[in-house]
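The values are calculated or read from the model by the stated rules, or taken from the named source; none is laboratory data. No experiment lies behind these values; they were computed from the predicted model shown. A quick note on method: Cβ atoms are made from the backbone with ideal geometry, for glycine too, and the neighbour counts reach across all protein chains shown. In case anyone asks, the SASA skips ligands and DNA or RNA and just uses the protein heavy atoms, side chains included. Shrake-Rupley method; radii C 1.70, N 1.55, O 1.52, S 1.80 Å.
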Amino acid sequence: MGAVTGAGGDKPRPDRSRAGALRLLDAVATGQTLDEAAGVIERLAPAEKARARRLALETLRRVGRLEPVLDKHLARRPRPEILMLLRLATVELLALGEAPHGVVNAAVALARGMGQKGQAAAGMVNAVLRKVADEGALWASLTPQEMPDWLREPVVAAWGEEVAQAIEAAHEAGASLDLTAKPGREAPGEALPTGSHRLPVGTQVSALAGYEAGDWWVQDAAAALAAVILDPRPGERIADLCAAPGGKTMQLAAAGAEVTAIDISEHRLARVAENLARCGLSATLVASDALEWQAEAPLDAVLLDAPCSATGTIRRHPDLPLIRDDTEIPEIVALQAELIDHALEQLKPGGRLVYATCSLLPAEGEEQIRAALARHPGLTVEPPTVPGIAPEWITPEGGLRLRPDLWPERGGMDGFYIARLRLAADAT
């Protein structure tokens, strides 16, 4: 879309979606997540809002890759707001393949709308972007944006440089839309080997067949495996700790279990309640710190999707590497260990716990489970046997390691670690 012309043929006015994308990018630069910054585009129409977010996402996925292209044509580094505008327009030109004339005109209009200093930079924006539009060969030669060192180094140590590069390529490609269907119902999209259904990026959820009827819900294929591996049975008493946004709660309820969903956020639990109602499912919702919640009687099973670094979700949240570092990882790892111990205390003898994190860090997965086994004699790991899981995804300790570079021909998956633990039948 090119710049929009105002009434009476006056000068172009800035494109609202692009302006919204710039507001989102500015918010991320100040340390907010895209979700936290959603209010800055609240006044846009739904279609404009969706496009603004998409443009911001595509730009954030390529910040590192943009610099060599822009540096080639910049005599000096411009003001931050102009640099962000150039980054956005470069992504449109070289990554999204939009028409150069419209992109350049829209960027110039946005610069002119930034006050006197923006007006003074408009000529430079025009000249630089016209040159950038011819840099397709240079763009194609550049590698995807690298993970920050605090994440990349443990990834390389665990799986090697080639896997790290494949993960980075998956991060740049973004994430498809995955659905989980209620038992006996149909969901649109490609059927994946593990039972989820996949649709292209940008699919409008509420317009899909079966949405209003509650036949399915949105849930990444990797995340969906945690409840599948737990193997809930009708009538079992199961707690879903740290339950929001609720996909796993719905899986457990759909299997016929008596589910108690615990989450510290009342606001997030309200969204869980809405999704349960839409899908005709029921669960007991409890707003509580998971470490303080106590089951009224020993449970058959617990699903613990523990708080974590969320480094497995970068393909969905490319803002994460820009606003976080590893300073909180030791505290998070300690909390995960506390939650595992607390969850085990809620189980009856022979009960089972599924521990899951959407993290790429072994400290939050493989190492966490090895430490739990050392703390709890008699605790065992039961390797997953569900359909669709490749043998090489199963780790030496019996957990499941999922990464964004897996299923490249299908569009990848979120990074996850999942392990099913079982108490000894004579545990007290």
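For the condition over 30 Å from ARG65 (Cβ atoms) and touching a residue at least 24 places away in the same chain (Cβ under 8 Å), what is the one hit in ALA227, ALA222? Walk me through it before giving the result.
Working: ALA222 fails: over 30 Å from ARG65 (Cβ atoms).
Of the residues listed, the single one that is over 30 Å from ARG65 (Cβ atoms) and touching a residue at least 24 places away in the same chain (Cβ under 8 Å) is ALA227.
Which of (1) touching a Leu at 6+ places or on another chain (Cβ under 8 Å); (2) part of a helix (DSSP H, G or I) does ALA270 not meet, given it meets every other one?
Of the numbered conditions (1) touching a Leu at 6+ places or on another chain (Cβ under 8 Å); (2) part of a helix (DSSP H, G or I), the odd one out for ALA270 is (1).
Quick one: count up the residues across the range 116-156 that are touching a residue at least 12 places away in the same chain (Cβ under 8 Å), within 25 Å of GLU168 (Cα to Cα) and not polar (S, T, N, Q).
Qualifying residue count, the range 116-156: 16.
For the range 278-288, name all the residues that are farther than 17 Å from GLY247 by Cβ and either at pLDDT below 95 or open to solvent by less than 30 Å² (accessible area, probe 1.4 Å) (or both).
SER288
Identify, by number, the condition in (1) touching a residue at least 60 places away in the same chain (Cβ under 8 Å); (2) open to solvent by less than 30 Å² (accessible area, probe 1.4 Å); (3) in contact with a Gly (Cβ under 9 Å, 6 or more places away or on another chain) that ALA111 doesn't meet.
For ALA111, the exception is condition (1).
If you take the residues of the range 292-348 that are more than 21 Å from TYR417 (Cβ to Cβ) and among the acidic types (Asp, Glu), which of them is farthest from the chain's Cα centre (by Cα)?
Per the stated criteria, the residue is GLU296.
Just for the range 207-259: of the residues that are assigned to a loop (DSSP other than H, G, I, E, B) and of a type in the set (A, V, I, L, M, F, W, C), which one is nearest to the chain's Cα centre (by Cα)? Spell out how you get there, then give the answer.
Going through the range 207-259, the residues assigned to a loop (DSSP other than H, G, I, E, B) turn out to be 208-215, 219-220, 231-236, 242-246, 255-257.
Those left that are additionally of a type in the set (A, V, I, L, M, F, W, C): 208-209, 213, 242-244, 255, 257.
Values: LEU208: 21, ALA209: 24, ALA213: 26, CYS242: 16, ALA243: 16, ALA244: 14, ALA255: 26, ALA257: 27 Å.
The qualifying residue nearest to the chain's Cα centre (by Cα) is ALA244.
Which one of VAL302, VAL286 is farther than 30 Å from THR30 by Cα, touching a helix residue (DSSP H, G or I) at 6+ places or on another chain (Cβ under 6 Å), aliphatic (A, V, I, L, M) and assigned to a strand (DSSP E or B)?
On the way: VAL286 fails: touching a helix residue (DSSP H, G or I) at 6+ places or on another chain (Cβ under 6 Å).
So the residue among VAL302, VAL286 that is farther than 30 Å from THR30 by Cα, touching a helix residue (DSSP H, G or I) at 6+ places or on another chain (Cβ under 6 Å), aliphatic (A, V, I, L, M) and assigned to a strand (DSSP E or B) is VAL302.
Within the range 229-277, which residues are among the basic types (Lys, Arg) and either buried (at least 19 other Cβ atoms within 10 Å of the Cβ) or in contact with a strand residue (DSSP E or B) (Cβ under 6 Å, 6 or more places away or on another chain) (or both)?
Within the range 229-277, the first condition is being among the basic types (Lys, Arg), and the residues that meet it are 233, 237, 248, 268, 271.
The answer is ARG237, LYS248.
Just wondering, is there one or more residues in the range 375-383 that are under 27 Å from the mean Cα position of the chain (by Cα), under 24 Å from PRO245 (Cβ atoms) and not β-branched (Val, Ile, Thr)?
Looking through the range 375-383, none of the residues is under 27 Å from the mean Cα position of the chain (by Cα), under 24 Å from PRO245 (Cβ atoms) and not β-branched (Val, Ile, Thr).
Counting only residues that are under 18 Å from the mean Cα position of the chain (by Cα) and not in a loop (DSSP other than H, G, I, E, B), how many does the range 17-37 have? Lay out the reasoning, then the answer.
Keep residues of the range 17-37 that are under 18 Å from the mean Cα position of the chain (by Cα), which gives 24-25, 28, 31-37.
Those left that are additionally not in a loop (DSSP other than H, G, I, E, B): 24-25, 28.
Total meeting the criteria: 3.
Criterion first (crowded, with 17+ Cβ neighbours inside 10 Å, under 19 Å from TRP139 (Cα atoms), of a type in the set (A, V, I, L, M, F, W, C) and in contact with a helix residue (DSSP H, G or I) (Cβ under 6 Å, 6 or more places away or on another chain)) does LEU60 satisfy it?
Working: crowded, with 17+ Cβ neighbours inside 10 Å: yes; under 19 Å from TRP139 (Cα atoms): yes; of a type in the set (A, V, I, L, M, F, W, C): yes; in contact with a helix residue (DSSP H, G or I) (Cβ under 6 Å, 6 or more places away or on another chain): no.
Considered against the rule, which asks whether it is crowded, with 17+ Cβ neighbours inside 10 Å, under 19 Å from TRP139 (Cα atoms), of a type in the set (A, V, I, L, M, F, W, C) and in contact with a helix residue (DSSP H, G or I) (Cβ under 6 Å, 6 or more places away or on another chain), LEU60 comes out as no.
What are the residues in the range 175-196 that are under 25 Å from LEU360 (Cα atoms) and open to solvent by less than 30 Å² (accessible area, probe 1.4 Å), if any?
Narrowing the range 175-196 to residues under 25 Å from LEU360 (Cα atoms): 175-180, 192-196.
Across the range 175-196, the qualifying residues are ALA175, SER176, LEU177, ASP178, LEU179, THR180, LEU192, THR194, SER196.
When you scan the range 148-184, how many residues do you find that are part of a loop (DSSP other than H, G, I, E, B), within 30 Å of PRO100 (Cα to Cα) and modelled with pLDDT of 95 or more?
Here is the first cut: in the range 148-184, the ones part of a loop (DSSP other than H, G, I, E, B) are 148, 160, 174-176, 182-184.
Subset that is within 30 Å of PRO100 (Cα to Cα): 174-176.
Narrowing further to those that are modelled with pLDDT of 95 or more: none.
Number satisfying all stated conditions: 0.
Filter the range 17-41 down to the residues that are small (Gly, Ala, Ser) and open to solvent by 20 Å² or more (accessible area, probe 1.4 Å), then identify the one that is nearest to PRO80 (Cα to Cα). Give the steps one after another, and end with the answer.
Quick first cut of the range 17-41, residues small (Gly, Ala, Ser) only: 17, 19-21, 27, 29, 31, 37-39.
Those still in the list that are open to solvent by 20 Å² or more (accessible area, probe 1.4 Å) too: 19, 29, 31, 38-39.
Values: ALA19: 15, ALA29: 10, GLY31: 15, ALA38: 21, GLY39: 21 Å.
For the range 17-41, the residue satisfying everything is ALA29.
Please name all residue pairs, on different chains or six or more residues apart, with Cβ atoms under 6 Å, provided the first residue is in the range 340-365 and is within 27 Å of VAL155 (Cα to Cα) and modelled with pLDDT of 95 or more and the second residue is open to solvent by less than 20 Å² (accessible area, probe 1.4 Å) and charged (D, E, K, R).
Listed by first residue and then by second, the contacts come to THR357/GLU364; CYS358/ASP414.
Does ASP319 satisfy the condition of being at pLDDT 95 or above, in contact with a strand residue (DSSP E or B) (Cβ under 8 Å, 6 or more places away or on another chain) and acidic (Asp, Glu)? Let's see the steps before the verdict.
Numbers: at pLDDT 95 or above: yes; in contact with a strand residue (DSSP E or B) (Cβ under 8 Å, 6 or more places away or on another chain): no; acidic (Asp, Glu): yes.
Against the criterion (at pLDDT 95 or above, in contact with a strand residue (DSSP E or B) (Cβ under 8 Å, 6 or more places away or on another chain) and acidic (Asp, Glu)), ASP319 does not qualify.
Under 8 Å by Cβ, and 6 or more places apart or on different chains, what pairs join a residue from the range 59-82 that is farther than 15 Å from GLN145 by Cα with one that is in a loop (DSSP other than H, G, I, E, B)?
These pairs meet every condition: LYS72/GLU135; GLU81/MET114; ILE82/MET114.
Check GLU382, GLU366, GLU345 and return the single one that is among the charged types (D, E, K, R) and in contact with a Ser or Thr (Cβ under 9 Å, 6 or more places away or on another chain). First the steps, then the outcome.
On the way: GLU382 fails: in contact with a Ser or Thr (Cβ under 9 Å, 6 or more places away or on another chain); GLU345 fails: in contact with a Ser or Thr (Cβ under 9 Å, 6 or more places away or on another chain).
When all the criteria are applied, what remains is GLU366.
Pairs please, first residue from the range 278-306 and in contact (Cβ under 8 Å) with a residue 60 or more places away in the chain, second anywhere and basic (Lys, Arg), Cβ atoms under 7 Å, 6+ apart in sequence or on different chains.
Listed by first residue and then by second, the contacts come to CYS279/LYS182; LEU299/ARG237; LEU299/LYS348; ASP300/ARG237; ASP300/LYS348; ALA301/ARG352; LEU303/LYS248; ASP305/LYS248.
Can GLU328 be described as of a type in the set (D, E, K, R) and either in contact (Cβ under 8 Å) with a residue 40 or more places away in the chain or under 26 Å from THR380 (Cα atoms) (or both)?
On the way: of a type in the set (D, E, K, R): yes; either in contact (Cβ under 8 Å) with a residue 40 or more places away in the chain or under 26 Å from THR380 (Cα atoms) (or both): no.
No: the conditions fail for GLU328.
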